[in-house]
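Step one of this worksheet: look at the structure below.
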Amino acid sequence: MTVRRLEPHASTIFAEVSQLATRHDAVNLGQGFPDTDGPASMIEAAARAMREGHNQYPPGAGVPELRSAISGHVADHTGLTYDPDTEVLVTVGATEAIAGAVVGLVEPDAEVVVIEPFYDSYAATVAMAGATRRSARLVRAGDSYRLDVDSLREAFSPRTRAVLLNTPHNPTGAVLPREDLAELAALCREFDALAISDEVYEHLTFDGHEHVSIATLPGMRERTVRISSAAKMLNCTGWKIGWLTGPPDLVAGARAAKQYMSFAAGTPLQLGVAHALRHEDQWIRAVRAGMREQRDQLTGILTGLGIDVVATRGTYFLTADPRPLGVTDAARWCLELPERVGVAAVPFSPFVDDFAGEWSHLVRFAFCKRPEVLAEAGRRLEALR
Ligand SMILES: *Cc1c(COP(=O)(O)O)cnc(C)c1O
């Protein structure tokens, strides 16, 4: 019964792998959520807010304390200033920020450029807006991935209203270099298109790779909706507190759509996140170091088994190429793994479409898990030898 425009997105291999993981009690390295809590002071601030009666609707744009903390946090980390009253919108996770921006700013007859592989909500969101999706792609470059600028140039047209981009990048772990973003920015200016920039892993970069926001490039602040979230920044994926920042006309479009999606949510959680953004910068920095060690641990486990691993520069994820084990169909392999060895991972297939053939041998493993959990996954994966 699902409507035609959502039918292709109705079920994904994510759900299937998660089900299999539960059924076979597998170590789930498929889903990208951390298994430790965020800062204790954040949880205490949220609990206190609940006890003190902050339990009714927040303002549609988010509680003022959080909007101003977001504005301060973004200024500290990018040098960009956003007015908390007109240029900041709190959302139900980055997911709703993306949906609000696309539904509120893209007309049904317009086109949105996405870059494969892409976070799975992008295609569904473009479909919900009734817009047309045009795919560009990443390509392997050295030990990581970069934008394929030729494919971008082909995807852009006078009908392009926006490009949806993500860096640091889920699923590949790439961190797009400034030169790539400059090429993309030039296309946005040439075609008068918006950049909807998903930066939820902005603090999770490794080995000296620094995150660059496309909003900081010349001529881009006025055409960029910059999206982030407490989920991956503060280990609270279940709270669903996200936000977007941008010039007032773009924020107004996203707000118009968002107010009829959820209106608003999570008053006490918003207050907890506001506290953390103001006081827990040290915690956010420390997580990065721990995450790098977990990346190295999982990389060691997989390469020890003969699986090729692409160097991850940011995010929770690494890209594994199991072809040396004789695997060519990653989707089938991922459906077998939970029962065969008791570990779950997801193939790249839900992240790709037009360029699916180029990615069908790859698997995404999440390393945002405690060292002992990764070690247990390692022991189980030994069965692949
Ligand atoms: C996790 C994730 C999101 C969703 O974030 P929420 O705040 O949980 O909605 C969006 N984009 C990317 C790339 C993600 O990995």
Treating only the Cβ atoms of Lys and Arg (+1) and Asp and Glu (-1) as charged, compute the dipole magnitude of the chain about its Cα centre; round to the nearest 20 debye. 460 debye
What does the extension gain come out to for TYR260 and MET1, with contour length at 0.36 nm per residue minus their alpha carbon separation? 90.9 nm
Evaluate Rg over Rh across region 30-72, taking Cα atoms for both radii and Kirkwood's formula for Rh. 1.06
Rounded to the nearest 500, the 222 nm mean residue ellipticity computed for the chain from DSSP H runs (n ≥ 4, each -39500 (n - 2.57)) alone is -12500 deg cm²/dmol
Selected from MET291, GLY314, GLY326, residue furthest toward positive end of dipole (region 281-361; charges at beta carbon): MET291
Which aspartates and glutamates have a Cα lying under 20 Å from the Cα of LYS258, excluding residues fewer than 8 positions away in the same chain? GLU65, ASP83, ASP85, GLU87, GLU96, GLU107, ASP120, ASP198, GLU199, ASP249
Given that compact globular proteins tend to follow 2.2 N^0.38 Å, what is the ratio of the alpha-carbon Rg of region 237-362 to that value? 1.45
Simple label model, 7 Å out from Cα along Cβ direction - PHE14 to ALA252, nm: 3.3 nm
In debye, nearest 20: dipole of region 295-360 around its Cα centre with unit charges on the Cβ of K, R (+) and D, E (-)? 240 debye
Packing rank of 8-16, 97-105, where each peptide gets the mean count of other beta carbons within 10 Å, highest leading: 97-105, 8-16
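Sort 206-213, 170-177 by packing, meaning the average of other beta carbons within 10 Å per residue, with the highest value first.
170-177, 206-213
Just to confirm a number: summing +1 for Lys and Arg and -1 for Asp and Glu over residues other than LEU20 whose beta-carbon lies under 10 angstrom from that of LEU20, what do you get?
-2
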Once Rh is set to the Kirkwood radius over Cα pairs, what Stokes-Einstein translational diffusion coefficient, in µm²/s, holds for the chain at a temperature of 4 °C and a viscosity of 1.567 mPa s? 61 µm²/s
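Which of the DSSP-defined H helices in the chain satisfy a minimum axial length of 20 Å, computed from C-alpha atoms, and a minimum mean Kyte-Doolittle hydropathy of -1.0?
64-78, 281-304
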Accessible area in the full protein assembly, largest first, 1.4 Å probe, for MET42, MET1: MET1, MET42
Counting DSSP beta bridges with both ends in region 180-322, the antiparallel % (nearest 5): 65 percent
Given a cut-off of under 8 Å on Cα pairs at least six residues apart, what relative contact order in percent is computed for the chain? 25 percent
I want to verify the translational diffusion coefficient of region 325-374 in µm²/s; compute it with Stokes-Einstein, Rh as the Kirkwood radius over Cα pairs, at 20 °C and 1.002 mPa s. 181 µm²/s
Based on alpha-carbon atoms only, what is the radius of gyration of region 293-353 relative to the globular estimate 2.2 N^0.38 Å? 1.12
With DSSP loop assignment and no more than 14 other C-beta atoms within 10 Å, the GluC sites (Glu not before Pro) in region 86-152 are none
Name the long-range amide H neighbours of ASP308: under 5 Å, sequence gap of 5 or more, or other chain; modelled H, no Pro or chain starts. ASP321, ARG323
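May I ask you to derive the FRET efficiency for ASP150 and SER41 from their Cβ-Cβ distance with R0 = 45 Å, giving the value to the nearest 0.05?
0.40
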As a Kirkwood estimate from alpha-carbon pairs, region 277-322 has a hydrodynamic radius in angstrom of 11.8 Å
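Taking every pair of Cα atoms in region 66-213, average 1/r, invert it to obtain the Kirkwood radius, and report Rg/Rh to two decimals.
0.95
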Positive minus negative residues near ASP354 (Lys, Arg vs Asp, Glu; Cβ under 13 Å): -2
Rounded to the nearest 5, what is the percent of antiparallel bridges among the DSSP beta bridges in region 166-244? 40 percent
Label-to-label distance, nm, for residues given as THR132 and SER360 (7 Å Cα→Cβ offset): 2.7 nm
Obtain the radius of gyration and the Kirkwood radius of region 206-277 from its C-alpha atoms and give Rg over Rh. 1.02
Mind putting a number on the dipole of region 82-231 about its Cα centre? Charges go on the C-beta only, +1 for Lys and Arg and -1 for Asp and Glu, and I need it in Debye to the nearest 20. 280 debye
Given points 7 Å out from each Cα along the Cα-Cβ axis, report the ASP207 to ARG332 separation in nanometres with one decimal. 3.3 nm
Neighbours of GLY60 by Cβ distance under 10 Å: Lys/Arg at +1, Asp/Glu at -1, summed charge +2
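The values are calculated or read from the model by the stated rules, or taken from the named source; none is laboratory data. It should be emphasised that the depicted structure is a prediction, and the values quoted were computed from it without experimental measurement. Positions of Cβ are generated from backbone atoms using ideal geometry, with glycine treated the same way; all protein chains shown enter the neighbour counts. Quick note on the areas: whole protein, heavy atoms, side chains included, nothing else; ligands and nucleic acids left out. Shrake-Rupley method; radii C 1.70, N 1.55, O 1.52, S 1.80 Å.
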